[in-house]
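First the structure, in the form of structure tokens, and then the observations on it.
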Amino acid sequence: MPPVKGGAFTSFRTKFIALIGATVLLSLLVGGGVGLWNVGKLSHDASAEIESGLTKANEEYLTRYINMTSQRATLMFNRTFDQVTGLAKLSQSLIDNPQLNQDLNAFLEQYPGFSDKMTYNSAANWMQNARGEPSVISVWGYLLDENGRMRPDVLEAVRNTQFFDLVVPSLMTSGQDKLQMYYVGPKERPIMRTMPYSDQAQTFDQLYPGNNSQNWWDFFFPGVYEAWESWLKDPSTRPVPTDITVLSPYVDAITGKLIVSYFHPLYTRSRDAVAGMVAMDVTLEQLTQLVEDVKIAETGFAFLSQQNGNVLTITPEGESLLGLTEVSATGAGVTGHERSLLKSTFKDVASLRMPRPGATTIDHVTVEKDGKPMGLLVVMHPIEPMNMWQPNKGIAAENLMLGFVVPDSEIYASLYGAQKQISSATNSIVKGILASVLGFLALVLALSIPLSRRFTAGLVNLADAAGRLTRGDYDVQVPVKGRDEVALVGSAFNSMAREIREHTEMLEHRVAERTSQLASANDEIQRLYDKMKDENLRLGAELDVARKIQMMVMPAQGELERIPDLDIASYAEPADEVGGDYYDVLYIPGGAKIGIGDVTGHGVESGVLMLMVQSVSRALYERGVTDPREFLDVLNRSIYKNVERTRTDRHLSLAFVDYADDAVTISGQHEEVIIIRADGAVERLDTMDLGFPIGLEANINDFLASTTVPFARGDVMVLFTDGITEAESEDGRLYGIDNLVASARRSHHEPAGLIAATIIADLRAHIGKQKVHDDITLVVLKHR
């Protein structure tokens with residue numbers, strides 16, 4: 001049987017087709033593998049570049065943000081330091097001027113409310129003043145004799161702190177919110193005076209048994225007193241160059257709140273020993289508000305800790321996320337507070353680095369939330385150091401640490417989005433290549449060699465484009481011819497390349513734009529801060545000069561005592577550093593000329609106009625101008641010209657009272673004049689028709705008039721500005737003239753000084769803790 005030619009042909013064709021198919025298949029696999037490798041490498045490199053840029057931009061932003069926030073925290077502490085320093089300077093001044101302190105005590109003891117009525121508690125063996133007084137005074141058992149009476153030096157110490165009830169109420173209602181302010185005496189007599197009033201000794205007995213038998217300093221804050229004594233001998237031994245000592249947070253015995261105390265030592269007149277201290281307690285609420293105000297990304301938060309990792313304030317969510325546990329730590333007489341990063345339930349958090357002074361640390365940690373790992377970026381920066389006392393450790397320089405925490409998922413959200421898109425494009429390419437391999441293989445098997453070149457050319461173009469793409473040529477495009485599988489792979493590759501280019505350009509633009517915005521905002525904040533600081537320094541100096549000038553021209557006590565038949569007392573309190581109220585008392589042989597006025601507004605401009613009025617009035621008095629109408633006419637023309645020259649819109653209401661021969665002549669337009677006769681009858685004289693506002697018109701002569709009324713022995717006259725009648729209570733009620741008349745009438749039989757003190761005390765009780773919004777001036781005259 002002859003051989004079959006067709007079989008040989010078929011076998012050869014099969015082998016040829018198999019060879020071509022295997023060659024094409026191998027080429028496709030090699031080309032596709034190179035393409036996939038290049039695409040994978042491109043994906044990795046693009047992700048790494050984006051991650052590097054985002055990390056740098058975010059770290060720069062967080063570093064600037066935490067630096068600005070730490071400056072805010074430093075300003076908050078400095079304001080607190082300034083307040084306790086102000087009280088310390090006043091207290092030290094009285095120590096350095098004992099005669100002034102004695103005179104002040106003698107003066108205060110004339111008025112109700114400064115009595116310090118002490119009561120001995122025989123069961124507990126301590127003395128304390130009665131409830132209802134502004135401050136509480138506790139005198140411990142070891143400062144009493146066997147009969148339960150204060151030693152003479154302790155009694156004198158109590159008396160020397162009476163000024164506390166005079167000055168501290170205004171300090172409590174101004175500046176930073178305070179829990180309490182107090183004074184503690186030296187080790188020889190550590191009496192304790194605290195404002196506001198509380199059951200101080202009773203609470204100490206309940207919470208700290210044995211405190212009444214051991215010296216207060218040694219029981220509660222051992223080592224503080226001795227440290228101050230060493231500072232006094234050598235100031236260079238202070239850890240931080242300031243006398244203020246801050247206590248690490250502890251639970252207050254009176255209120256039960258978590259507080260921070262600021263101690264300022266006092267020294268003897270000879271500066272050879274400690275004379276006690278003044279102190280101020282604040283809660284952590286203000287620090288908590290500072291932390292809660294920080295907003296980073298969507299769920300980022302901030303915290304404040306001590307240098308040893310003890311977290312002072314943090315949001316509840318942040319406390320849980322960082323694995324913190326709050327415990328109480330009792331030691332050295334006080335109950336402390338501990339919530340340490342070093343004892344976190346998460347290993348990464350417990351091993352966080354504490355930054356050096358002036359440095360910023362940035363760490364990545366892993367915690368667990370809802371049973372899943374979670375990456376966090378933790379940024380920490382120290383604020384300015386302070387002298388801090390801690391139980392069993394003494395006083396050392398302490399930098400509180402400000403920390404920011406933000407989840408990695410929010411910092412790198414755009415990176416993860418880009419990686420997802422790149423991964424999706426890569427998967428599409430893989431699917432396209434596999435489909436192309438199968439399609440090419442089928443076509444090769446069907447069409448044989450002629451079509452192999454076409455497939456090879458397409459794959460070569462695709463591989464070349466992939467190589468260019470991995471080298472950063474994002475504009476590369478694969479020529480697409482036809483509609484076969486290779487063409488689909490090329491289209492998919494072109495689409496992927498365009499998406500990568502657009503996404504990369506968008507990310508670069510956003511990073512550059514955000515970095516530029518942050519830099520501009522930071523520069524603007526710094527510029528405004530520098531401008532505000534310079535302006536505050538300038539204004540502070542101007543206000544201080546104006547205030548001192550005002551105080552210098554006020555009538556001295558000796559001038560008031562020269563006036564026969566009249567007992568005169570006055571009180572003036574400006575709403576700002578410089579007041580706009582005017583009053584003066586001019587001695588005239590046989591009588592006196594008393595002026596009172598109110599410049600519109602208050603502050604520097606009003607204070608300057610008040611000084612103009614005082615100067616012109618004094619000049620007219622020296623020239624012997626006695627006629628009330630002529631006196632007001634000349635004064636108005638002078639003030640009007642000065643107002644025009646200074647281009648201010650200020651003017652004032654002004655009235656004068658001329659006393660002579662048991663009668664008073666009233667001229668000028670101001671508030672009502674109140675006269676309380678010796679028998680208690682009240683007269684209210686309206687001054688509306690007696691004049692015109694000063695400095696408003698050039699000529700007011702036609703509006704000027706005067707009225708004369710008798711002023712006999714025992715009669716009382718009250719002059720005032722609207723800062724008294726328009727003073728508001730905490731619920732918005734005005735004090736009013738009826739309350740003023742009633743208060744003056746109740747004490748009209750007393751000397752002028754006591755009448756004025758009664759009115760001011762009644763006014764203070766009405767105002768309460770409300771801020772004083774206008775200048776307050778009161779003048780009381782009594783015919784002896």
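The values are calculated or read from the model by the stated rules, or taken from the named source; none is laboratory data. None of these values were measured; they are calculated from a predicted model. Note that each Cβ is placed from the backbone with ideal geometry, even for glycine, and that neighbours are counted across all protein chains shown.
Could you list, in sequence order, the residues of the stretch 291-303 that are of a type outside the set (Val, Ile, Thr) and surrounded by fewer than 19 Cβ atoms within 10 Å (Cβ to Cβ)? Within the stretch 291-303, Glu292, Asp293, Lys295, Ala297, Glu298 qualify. Does the stretch 218-232 contain any residue that is charged (D, E, K, R), assigned to a helix (DSSP H, G or I) and in contact with a strand residue (DSSP E or B) (Cβ under 7 Å, 6 or more places away or on another chain)? For the stretch 218-232, residues charged (D, E, K, R), assigned to a helix (DSSP H, G or I) and in contact with a strand residue (DSSP E or B) (Cβ under 7 Å, 6 or more places away or on another chain): present. Within the stretch 188-217, the set of residues being surrounded by fewer than 18 Cβ atoms within 10 Å (Cβ to Cβ), on the phi < 0 side of the Ramachandran plot and in a loop (DSSP other than H, G, I, E, B) comprises Glu188, Pro196, Tyr197, Ser198, Asp199, Tyr208, Pro209, Gln214, Asn215. Restricting Pro186, Pro209, Pro196 to those that are under 30 Å from Ile767 (Cα atoms) and more than 20 Å from the chain's Cα centre (by Cα) reduces the list to Pro196. Applying the criterion of being outside any helix (DSSP H, G or I) and of a type in the set (D, E, K, R) to the residues of the stretch 316-351, the residue that is modelled with the highest pLDDT is Arg339. Going by what's in this entry, would Glu60 be described as acidic (Asp, Glu), modelled with pLDDT under 80 and under 30 Å from His381 (Cα atoms)? So Glu60 does not fit the description; no.
Exactly one residue out of Val634, Val613 is under 17 Å from Phe692 (Cβ atoms), part of a helix (DSSP H, G or I) and free of Cβ contacts under 8 Å to residues at least 60 places away in the same chain: that is Val634.
Applying a threshold of 8 Å to beta carbon distances and a minimum spacing of six or more residues, or different chains, the list of pairs starting in the stretch 587-600 at a residue that is assigned to a loop (DSSP other than H, G, I, E, B) and modelled with pLDDT under 90 and ending at one that is crowded, with 24+ Cβ neighbours inside 10 Å and small (Gly, Ala, Ser) reads Thr600/Gly580; Thr600/Ser606.
Would you pick out the residues in the stretch 594-617 that are of a type in the set (D, E, K, R) and surrounded by fewer than 22 Cβ atoms within 10 Å (Cβ to Cβ)?
Glu605
Would you be able to say whether some residue in the stretch 551-571 is surrounded by fewer than 18 Cβ atoms within 10 Å (Cβ to Cβ), within 34 Å of the chain's Cα centre (by Cα) and modelled with pLDDT under 85? Yes: one or more hits.
Within the stretch 467-487, the set of residues being at pLDDT below 75 and in a helix (DSSP H, G or I) comprises Leu469, Glu485, Val486, Ala487.
Against the conditions (1) surrounded by 21 or more Cβ atoms within 10 Å (Cβ to Cβ); (2) more than 30 Å from Trp228 (Cα to Cα); (3) without any contact (Cβ under 8 Å) to a residue 60 or more places away in the chain, where does Glu326 fall short? Just the number, please. For Glu326, the exception is condition (1). Looking across the stretch 601-629 at every residue that is closer than 23 Å to Glu559 by Cα, among the β-branched types (Val, Ile, Thr) and touching a helix residue (DSSP H, G or I) at 6+ places or on another chain (Cβ under 6 Å), the one that is modelled with the lowest pLDDT is identified as Val625. Looking only at residues in the stretch 110-150 that are touching an Asp or Glu at 6+ places or on another chain (Cβ under 9 Å) and hydroxyl-bearing (Ser, Thr, Tyr), the one that is nearest to Phe219 (Cα to Cα) is Ser135.
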